[in-house]
Structure formats: C-alpha cells, structure tokens
Amino acid sequence: MRMRAIFGCAGLTLTDEERAFFRQAQPWGFIVFARNIADRAQLRALCNALRETVGDERAPILVDQEGGRVARLKPPEWKSHATARAFGALYENDPEKAREATYLNARLLAHDLTEVGLNVDCLPVLDVPVEGAHDIIGDRAFGHEPATIIDLGRKQIEGLLDGGVLPVMKHVPGHGRAGADSHLELPRVTASLDALSAADFVTFRSLSDCPMAMTAHVVYDAIDAARPATTSHRVIRDVIRGEIGFDGLLMSDDLSMKALTGSMPQRTRAALFAGCDVVLHCNGGFAEMCEVAEEAGPLEGASLKRADAALAQLHAPGTFNWMKAEKRLSELMAVVA
C-alpha cells in the first residue's frame, strides 16, 4: 500500500538511508530539485533508483519546470524556456499564434522531462495576479486577465499530456492576490468572496478537469480566517471541491514552507484532515520525512481512486519532431523576444 506523501531526496544519488526509508515508507511519488540534477545520465539514473525503491516503473516523479525563473533543468545541459508572461504578450496581438506557441512549448517541456524519466510537471500556473501583490507569481502567470490564463492554460495542459507528462494546476484556489511569498511567511487575502469567485477561482473552475492540483498556502479571510487553504477543510470542501468543482488528485504545496506553522507531524495531519489527498515534502530533510511518514497513512478510498484516475491519463508520447517544434516555436515567439 502506497503512502499519502510525495518526498524529495538530498542529493544527486540516493543514500543507503534514503533507499531503505523509501522502500519501507512506499510514498506515492517523488519530487526533484536543482540539488538533485547534474546532467541527463545522472538524472535518469536517479529516477530509476527512486522508482526501484517502490517497485513501480510508473511512479510519479515531479518537477517544477515552468520556464523563466522557475526551472530545475537548466542550461547548458537543457535549453531555457520563456516565461508564461511572454506567451501572454503574444496572445495580446495574436491569440491563435499564442495558443500554438504555448502548446509547442509545453510539448517541448514534456519531451525534456520524459527523456530523463520525469512524468509530472507542476504546471500550469493558473493564479491571476493583481496590481500591488507580491511578485512571487508575477511573470509566472500568462497575464492579468482570467480569459487569457484559461485559454493558454488549456494549451499547456494539452501539450504536457500529449507529451506523456501529467500537469498540476497551481496554486488552487489562487495565489495572485497574496501580498507575501508563502515560502517565507503566510499571506492573507482580504478580498470578498464575490471578488475571489469572479476572478481568482474562475481559472481553476474552467480547467477543473486537470488531473492534479496543488493547494495555496494562503489565508482567505472571507472563507476561513483561521487557516490557509492547505489546512482548511472549509476552503477545500466548499471552494476547491465545491465551487471550483475539482475532483482530481489534490496535493498540498510543500509542507516545509514557512507559511505553515506547527511541527511537521501537525502540518501533515492538518493538510490530510482538511482534505488533501497527498502531502508534499520537498527539502529532502531525512528527519522531517520520517515525521511526515509517521502521520501520512496509506493512500486508500477516494484519494486512491483520484490518484489512479490521474495516473490513467499518463500515456506514452506519440511521434514528435522536437527540432521542427523548436524551429516553429522560435518563429512564433520572435515578435516578443
């Protein structure tokens, strides 16, 4: 039985301690960061080693590969990719070309990931930034208009899925109004429920068939002034599952971020009790992972069904001429370079 957790690891290879822990804990998935990545051969070997510990060659291995400032696979080993905002700029002048470019870029991202064994990308970013908010989202969003984000977000989802990679929409139900970086402190949003529903939630609602979603470590005073979305049963039940209508696999954002308080066991219990299907722990700290494992419990019931439904959307990519796609993408993006 797999565990309701996704774990990172400390370095470029698994230690004996990590290997034994993963074999015993059986997490649902893993996540890699820049600290885990040197080159293609090394990353492929690491992915193989992670999957060997859980005896599942299709085990989810996640990465944040957005383009721009959020990219774990970096030059010179991998080509850089444009920010979401660049595709939004193209959309302002030529929506059709922007849709094509966004799809091709996502398909190329998927090509890079599957080549080394990664099969989940934490994209699309569907947050709707507002003026005056913290720039933690900024150019990671396609723009400030929900319609633009929805249109291009759909193409990004399609490109990843066609390339054999599961997308994860984030940060549900919306990080765009946050006045702080949740990596460092807890943001609080004071907007009314009507304002949130009209802008922040609509992007997620329109793309609620995305297989997976990641919660926001953000407090929404109009819904639950005491707890951030990740640990709020009210936000998850009434908004994410209710108004937004998301019935896919819901994962927490990183439990080790400073927006959350309490011990790691307390954070784990709170996120799962609130309604997250799985919890995410990213920093690779061994002692913390052990604490999460003690509380996470087995993946079963509705959460297991959602996990299986998400993985059922993983398909081997079809024939793809990546050199031709890169050339066409460069042509399309030349006007906003």
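At-a-glance table
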item: Relative contact order of the chain, defined on C-alpha pairs under 8 angstrom at six or more residues apart (%); result: 18 percent
item: Relative contact order (%) - the stretch 196-291, alpha-carbon pairs under 8 angstrom, separation at least six; result: 28 percent
item: Summed side-chain charge close to residue 264 - residues other than residue 264 whose Cβ falls under 12 Å, Lys, Arg +1, Asp, Glu -1; result: -3
item: Per-residue Cβ neighbour rank within 10 angstrom, fewest leading, 15, 53; result: 15, 53
item: Per-peptide average of other Cβ atoms within 10 Å, ordering 145-154, 220-229, 32-41 highest first; result: 145-154, 220-229, 32-41
item: Neighbour-count ranking [beta-carbon atoms within 10 angstrom, fewest first] of 85, 328, 4; result: 328, 85, 4
item: Relative contact order [Cα under 8 Å, 6+ residues apart], the stretch 1-159, whole percent; result: 22 percent
item: Lys, Arg +1 and Asp, Glu -1 on Cβ, resulting dipole of the stretch 3-336 about Cα centre, debye, nearest 20; result: 300 debye
item: Rounded to 5, percent antiparallel among DSSP beta bridges of the chain; result: 15 percent
item: Förster radius 25 Å - calculated FRET efficiency between residue 15 and residue 56 (Cβ-Cβ, nearest 0.05); result: 0.75
item: Pairwise centroid distance, computed over Cα atoms, of the stretch 134-195 with the stretch 49-75, Å; result: 20 Å
item: Order of 286, 273, 30 under a 10 Å beta carbon neighbour criterion, fewest first; result: 273, 286, 30
item: Listed candidates [x] 0.95; [y] 1.17; [z] 1.09 - label of the one calculated as Rg/Rh (Cα atoms, Kirkwood Rh); result: [x]
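Any read-out appearing in this document is the output of simple, stated calculations on the displayed coordinates, not a laboratory observation. In this text, all values refer to a predicted model and were calculated from it rather than measured experimentally. Using ideal geometry, Cβ is built from the backbone for each residue, glycine included, and neighbour counts are taken over all protein chains shown.
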